[in-house]
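Undergrad: If you scroll down you'll find the structure; I have some questions about it.
The values are calculated or read from the model by the stated rules, or taken from the named source; none is laboratory data. Fair warning: this is a prediction, and the values are worked out from it, not measured in the lab. Cβ sites come from the backbone with ideal geometry, for glycine too, and all protein chains shown count toward neighbours.
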């Protein structure tokens with residue numbers, strides 16, 4: 001049986017959703033973030049050396065990284081969740097599976113870091129310097145990259161029901177987390193097709209079932 005090692009309020013919510021969509025029997029082992037540091041507990045390192053979530057175990061296999069898990073589950077348990085290989089849809093599937101964490105999320109994480117820098121406790125004389133550096137990096141690099149990426153995604157969704165066309169695939173599971181993050185923070189207000197897409201998949205019964213089982217998840 002599949003075991004998902006689920007950290008509250010994390011990317012592993014995507015894997016819970018996929019498992020509900022494909023109807024595979026699984027069990028959840030819950031882990032809670034440290035309330036002061038917001039980091040994963042050390043027990044997760046007993047499952048995988050990096051101590052990150054998501055990670056699943058399936059028999060003797062331990063599989064980490066969301067995109068890798070999604071691809072594994074699609075190939076073994078739900079071939080309908082990935083397009084036929086050597087097709088345009090498959091190339092889209094592969095692209096979005098890598099794009100979510102390779103291009104979009106790094107910019108969102110940088111924004112989170114620089115926003116925290118501006119609000120972190122520091123000596124009064126250092127605040128103007130730190131805020132000035134953070135604002136400069138945000139305005140000259142981070143925010144323009146976020147804007148161009150969101151525009152790119154929104155334009156794709158204008159012409160596609162799902163990321164690979166007319167049918168939902170694992171690529172949609174993978175793309176859900178960054179798009180939920182920007183929507184929850186109000187950063188998608190200028191991108192109506194992103195907002196509509198997020199509302200659409202969040203209304204799915206499997207998504208709602210995963211929320212009920214997963215616990216705290218701010219982006220829903």
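Undergrad: If you scan region 60-106, which residues turn out to be modelled with pLDDT of 95 or more and on the phi > 0 side of the Ramachandran plot?
TA: 65
Undergrad: Continuing with the same structure: Of all residues in region 77-93, count the ones that are in a helix (DSSP H, G or I) and farther than 17 Å from residue 17 by Cα.
TA: Summing the residues that are in a helix (DSSP H, G or I) and farther than 17 Å from residue 17 by Cα in region 77-93 gives 6.
Undergrad: Only one of (1) under 20 Å from residue 103 (Cβ atoms); (2) at pLDDT below 95; (3) in contact with a helix residue (DSSP H, G or I) (Cβ under 9 Å, 6 or more places away or on another chain) fails for residue 140. Which number is that?
TA: Checking residue 140 against (1) under 20 Å from residue 103 (Cβ atoms); (2) at pLDDT below 95; (3) in contact with a helix residue (DSSP H, G or I) (Cβ under 9 Å, 6 or more places away or on another chain), the one that fails is (3).
Undergrad: What do you reckon, is residue 35 surrounded by fewer than 17 Cβ atoms within 10 Å (Cβ to Cβ), in a strand (DSSP E or B), without any contact (Cβ under 8 Å) to a residue 24 or more places away in the chain and at negative phi?
TA: no
Undergrad: Restricting to region 171-218, name every residue that is touching a residue at least 60 places away in the same chain (Cβ under 8 Å), in contact with a helix residue (DSSP H, G or I) (Cβ under 7 Å, 6 or more places away or on another chain), surrounded by 15 or more Cβ atoms within 10 Å (Cβ to Cβ) and not in a helix (DSSP H, G or I).
TA: Answer for region 171-218, where residues must be touching a residue at least 60 places away in the same chain (Cβ under 8 Å), in contact with a helix residue (DSSP H, G or I) (Cβ under 7 Å, 6 or more places away or on another chain), surrounded by 15 or more Cβ atoms within 10 Å (Cβ to Cβ) and not in a helix (DSSP H, G or I): just 217.
Undergrad: Within the group 56, 15, 70, 4, which residue is part of a helix (DSSP H, G or I), in contact with a strand residue (DSSP E or B) (Cβ under 6 Å, 6 or more places away or on another chain) and buried (at least 21 other Cβ atoms within 10 Å of the Cβ)?
TA: Only one candidate qualifies: 15.
Undergrad: Same structure, new question: Within region 153-165, which residues are more than 16 Å from residue 204 (Cβ to Cβ) and exposed (fewer than 14 other Cβ atoms within 10 Å of the Cβ)?
TA: Once the filter is applied, which keeps residues that are more than 16 Å from residue 204 (Cβ to Cβ) and exposed (fewer than 14 other Cβ atoms within 10 Å of the Cβ), region 153-165 yields 155, 158, 159.
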